[in-house]
Amino acid sequence: MTITLPIEGGGTYQVSPSKIVALGLNYLEHIKESQSVDVQNFTEAIPTEPVLFPKTPNVLIGPGETIILPAFVEDYEFPNCRSDHEAELAIIIKDRVKNVSAEAAMDHVLGFTCFNDVSQRNLQKGDKSGWYRGKSLDTFGPIGPVIVPPAKIGDPQNLEILCRVNGKVTQHSNTRHMIFKIPEIIAFVSKNFTLEPGDIIITGTPSGVGPLRHGDVVEVEIEGIGILKNPVKAERLL
């Protein structure tokens, strides 16, 4: 999957990652809402190292493209069939890197953008293999609207981050509230996996995650980057 995004300051970039590495449980207030999220391995315990999980590249869609709530999930007849929005800051890696130090990590960042880590909660809760399937359904990774290079973002650890559904604010926090900071996240991920140019790291979501429904319009806004806006449709109703 390839998404073309403009780069702040000029040019475009073909976002085509070999992998998307996501962080869970990276905002304290989100950890505190573990009972309402109700998925396996999501507790009120504060992690001692970054909690990693994958999203596969088929999730990627660009600004304005449609998040599709898949029909097959309804066949399970879950009592509360729920797919949630999760507003996140995304890091796009510039070059091949392995075992980078936190001190040198920012040298390997192409830029930052908005990401919506859409999550199918029933699969995330019930699958014995964990979060893989519920996080990686088609269209469950909107990204954009622009890539902002490190030199233009200011302090990436002090950015307001919001989510709105149909114009109503559902999430509002600041990246300073991350438990694990951006350089240490990159260093930790690169210790575990060789990062390739265009790979994406998403840095966790603050509290306020909630369900998406047919007809919704969801926006992720991050200070200094802009607004990522996507409509939501149920596959059965298309």
Estimated inter-spin distance, E196 and L237, nm [label 7 Å along Cα→Cβ] = 3.8 nm
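Say R0 is 30 Å: what FRET efficiency, to the nearest 0.05, do M1 and K168 get from their beta-carbon distance?
For R0 = 30 Å, the calculated efficiency reads 0.50.
As a footprinting exposure proxy, order L52, L69 by other Cβ within 10 Å, with the fewest listed first.
Sorted ascending by nearby Cβ count, the order is L52, L69.
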When the convex hull of the Cα atoms of the range 3-237 is projected onto a plane and the area is averaged over all directions, what value comes out in nm²?
-> 11.7 nm²
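Per the Cauchy relation, a quarter of the hull surface: what is the mean projected area of the convex hull of the alpha carbons in the range 100-238, in nm²? Present the calculation step by step, with values, prior to reporting the outcome.
Working: hull surface 37.4 nm².
If I average the Cα hull's projected area over directions, I get 9.3 nm².
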So what's the angle, to the nearest 10 degrees on a 0 to 90 scale, between helix 182-192 and the longest Cα principal axis of the chain?
-> 80 degrees
Shape of the range 63-147, Cα gyration tensor, a/c cut at 1.5 = prolate
Once normalised by the length of the chain, the mean sequence separation of its alpha carbon contacts under 8 Å that are 6 or more apart gives a contact order in percent of 31 percent
Any residue on another chain or 5+ positions along whose placed amide H is under 5 Å from the amide H of V109 is listed here as K94
Diffing the range 3-9: the Karplus 3J(HN,Hα) column from phi (6.51, -1.76, 1.60, θ = phi - 60°), in whole Hz with x for Gly and Pro, holds 10, 8, 10, x, 9, 4, x
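Each reported figure results from applying straightforward, stated rules to the coordinates on display, with no laboratory input. Predicted, not measured: the structure shown is a model, and the values here were computed from it. Note that each Cβ is placed from the backbone with ideal geometry, even for glycine, and that neighbours are counted across all protein chains shown.
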